[in-house]
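K.L.:
After the structure tokens below, expect a handful of questions from me.
Taken together, the values in this text are just the output of simple stated rules run on the coordinates, not laboratory data. Small disclaimer: the values here were computed from a predicted structure and weren't measured. Cβ: placed from backbone, ideal geometry, glycine included. Neighbour counts: every protein chain shown.
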Amino acid sequence: MIVQGMPAPDFSLLTQEGTEVSLSQFRGKRVVLYFYPKDNTPGCTTEACQFRDMYDEMLAAGAVVIGISPDSVSSHKKFKTKYGLPFYLLADPEKQVIDAYGAIQEKRMYGKTYMGVQRSTYVIDEEGIVAAVYPAVKADGHAREVLAFLNS
């Protein structure tokens with residue numbers, strides 16, 4: 001389980017363009033790392049578009065935004081293009097990074113229980129330390145909550 005004050009686990013994943021990105025390459029900047037279940041679903045689209053709409057303010061606060069889901073590189077590319085998302089979307093189809101950050105949780109839908117991606121966010125400071133943890137977030141309004149933390 002990832003908690004505030006611990007080093008953020010490093011990782012390397014492919015972007016929507018198929019290039020590899022590592023968390024460590026963002027040292028010196030704050031990182032808003034958010035995990036979401038699936039491209040082009042209502043909640044995930046709401047969350048991504050709100051991060052998009054506040055992206056310039058997050059950059060001004062010294063942070064970059066990175067979204068991670070188990071979707072494929074091609075799915076991310078379509079999602080990014082469709083909604084004009086200015087930040088990286090990283091593909092984690094094996095759910096290794098998602099699992100490392102504790103974002104795999106038991107979920108229930110239509111009376112069935114399954115393991116799925118829990119919408120959650122981690123703010124990582126310039127030295128790679130977890131500065132804030134937002135587990136089980138609600139999509140609408142979450143980007144504003146993260147921006148308020150960045151500006152505090």
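K.L.:
List, please: which pairs have Cβ atoms under 8 Å, are six or more places apart or on different chains, and start with a residue in region 141-152 that is without any contact (Cβ under 8 Å) to a residue 12 or more places away in the chain and end with one that is β-branched (Val, Ile, Thr) and part of a loop (DSSP other than H, G, I, E, B)?
P.N.:
Close Cβ pairs (under 8 Å, with a partner that is β-branched (Val, Ile, Thr) and part of a loop (DSSP other than H, G, I, E, B)) amount to 145/137.
K.L.:
Residues that are of a type in the set (Ser, Thr, Tyr) and at negative phi: list the strands (runs of 3 or more DSSP E) wholly contained in region 37-128 that include at least 2 such residues. Walk me through how you get there before you give the answer.
P.N.:
Details: elements: 63-69, 88-91, 104-109, 112-117, 120-124.
Counting at least 2 such residues, we get 112-117, 120-124.
K.L.:
Suppose we filter region 21-36 for residues that are part of a loop (DSSP other than H, G, I, E, B) and among the charged types (D, E, K, R); how many remain?
P.N.:
Going residue by residue through region 21-36, those that are part of a loop (DSSP other than H, G, I, E, B) are 27-29, 36.
From the residues that got through so far, the ones that are among the charged types (D, E, K, R) too are 27, 29.
Result for region 21-36: 2.
K.L.:
Here are some residues: 95, 112. Which one is over 14 Å from residue 35 (Cβ atoms) and either touching a Pro at 6+ places or on another chain (Cβ under 7 Å) or among the basic types (Lys, Arg) (or both)? If you could, list the steps in order and put the result at the bottom.
P.N.:
Details: 95 fails: over 14 Å from residue 35 (Cβ atoms).
On inspection, the qualifying residue turns out to be 112.
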